[in-house]
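Structure first, then comments.
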Amino acid sequence: MNEEMDCMLTPRRIAYLKYLLEQDGAVTNAQIAVHFSVDPSTSSKTIRMLVEAGLIDHTPYRRVHLSPRGRRCAEFLLRRHRLLSLAFSRLGVDPTDACEQASRCEAQIPREVVNTICAALGHPTTSVCGTITHDRGCCSTFGR
């Protein structure tokens, strides 16, 4: 599976990867289950699928953390979310609604469209959801 396909995930798996990135370290399955208000067996299934995809590392009864490939993917996912929410808010959508709407549609937006949105917005560094970290594919020529 290539990195572009790794980042084409279900909304639930996207949410898990973004959560792990935002935690900036390893968390337990129990913490994940509490955060997403699901049973630990439910979060275990999603974790297992992400392990099989090579996006996270996990040993049962130990902490869950992003693999190097998972970190790159999660960074893109968070960037995509924040750029979409910023675009929606600039179009007049309430910031809270913009973030929610970005979560609803982000799984369908490929990297090249995200890079186009980023360029059209002037390579912003802040969104209604937080700081936007740019990747080399989009912003290397922008001087970042």
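Where a number appears in this text, it was derived from the coordinates with a stated rule and is not lab data. Everything quoted here is computed from the prediction, not taken from an experiment. For neighbour counting, all protein chains shown are included, and Cβ atoms are generated from backbone atoms with ideal geometry for every residue, glycine included.
Name the single residue, out of those in the range 88-103 being in contact (Cβ under 8 Å) with a residue 12 or more places away in the chain and within 17 Å of the chain's Cα centre (by Cα), that is surrounded by the most Cβ atoms within 10 Å (Cβ to Cβ).
The residue in question is Ala102.
Examine the range 66-81 for a residue that is under 30 Å from Gln31 (Cβ atoms), free of Cβ contacts under 8 Å to residues at least 24 places away in the same chain and touching a strand residue (DSSP E or B) at 6+ places or on another chain (Cβ under 7 Å), and state whether such a residue exists.
For the range 66-81, residues under 30 Å from Gln31 (Cβ atoms), free of Cβ contacts under 8 Å to residues at least 24 places away in the same chain and touching a strand residue (DSSP E or B) at 6+ places or on another chain (Cβ under 7 Å): present.
Kindly list, by first and then second residue, each pair from a residue in the range 115-133 that is over 20 Å from Glu100 (Cβ atoms) and without any contact (Cβ under 8 Å) to a residue 12 or more places away in the chain to a residue that is surrounded by fewer than 16 Cβ atoms within 10 Å (Cβ to Cβ) and of a type outside the set (A, V, I, L, M), limited to pairs with Cβ atoms under 7 Å and residues at least 6 apart or on different chains.
Thr125/Thr131
So the check is Cβ under 8 Å with 6+ separation or different chains; which pairs have a first residue in the range 27-49 that's within 13 Å of Arg12 (Cα to Cα) and a second one that's in a loop (DSSP other than H, G, I, E, B)?
Partner pairs satisfying both residue conditions: Ala33/Asp39.
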